[in-house]
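The values are calculated or read from the model by the stated rules, or taken from the named source; none is laboratory data. Everything quoted here is computed from the prediction, not taken from an experiment. FYI the Cβ positions are ideal-geometry reconstructions off the backbone, even for glycines, and counts take in every protein chain you see. What goes into the accessible areas is simple: the full protein's heavy atoms, side chains included, and nothing from ligands, DNA or RNA. Shrake-Rupley method; radii C 1.70, N 1.55, O 1.52, S 1.80 Å.
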Amino acid sequence: MNEKEIREHILGVLKDKLVLFDISPGEVNDGFDLVKSGLLDSMSFVDLVAGVEDRFGLEIDFEQAADDDTFTTIGGLLRVIRKFGHER
């Protein structure tokens, strides 16, 4: 599991939403906030994280992850995934 693979997976899951919002995958940088942008609501974000957990065999502590103000950004999500991926 590497960051590029995780990012590609996330963008693949979000592909249809990105098209609806007329956002190209290239515009989704580390600072792109998936929730504040309106791309995902809080439940959709939880579903995305659950899908990442299943795909990569992770277990993310949402309480701990939510302490990071950037958790809903692409970069924040990738940091959390790296952190919990190394704790296994």
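Note that the chain presents 61 Å² accessible area per residue, ligands and nucleic acids not counted, probe 1.4 Å. Charge tally around Lys17: other residues with Cβ under 15 Å, Lys/Arg +1 each, Asp/Glu -1 each, net -4.
Each label point was placed 7 Å from the Cα along the Cα-to-Cβ direction; for Asp69 and Lys15 their separation is 3.5 nm.
A 1.4 Å probe over all protein chains sorts Asp33, Asp16 by accessible area into Asp16, Asp33, starting with the largest. Extension gain, Asp30 to Glu5: 0.36 nm times the residue separation minus the Cα-Cα distance gives 7.5 nm. Kindly state, to the nearest 0.05, the FRET efficiency for Ile23 paired with Asp47, given R0 = 25 Å and r defined as their beta-carbon distance. E(calc), rounded to 0.05, equals 0.85. Convex hull volume per residue, computed on the Cα atoms of region 1-75, equals 88 Å³.
Loop sites by DSSP among the GluC sites (Glu not before Pro) of the chain, restricted to those with at most 15 other Cβ atoms within 10 angstrom, leave 1-58 as the longest stretch without any of them. Rounded to the nearest 20 debye, the dipole magnitude of the chain is 280 debye, with +1 charges on Lys and Arg beta carbons, -1 on Asp and Glu beta carbons, and the Cα centre as origin. Restricting the trypsin sites (Lys or Arg not before Pro) of region 1-87 to loop positions (DSSP other than H, G, I, E, B) with no more than 12 neighbouring Cβ atoms within 10 Å leaves Lys36. The fraction of accessible area contributed by carbon and sulfur in the chain is 50 percent, rounded to a whole number (1.4 Å probe; ligands and nucleic acids excluded).
For Lys83, the aspartates and glutamates whose Cα comes closer than 17 Å to its Cα, not counting residues fewer than 8 places off in the same chain, are Glu3, Glu5, Asp30, Glu53, Asp54, Glu59, Asp61, Glu63, Asp67, Asp68, Asp69.
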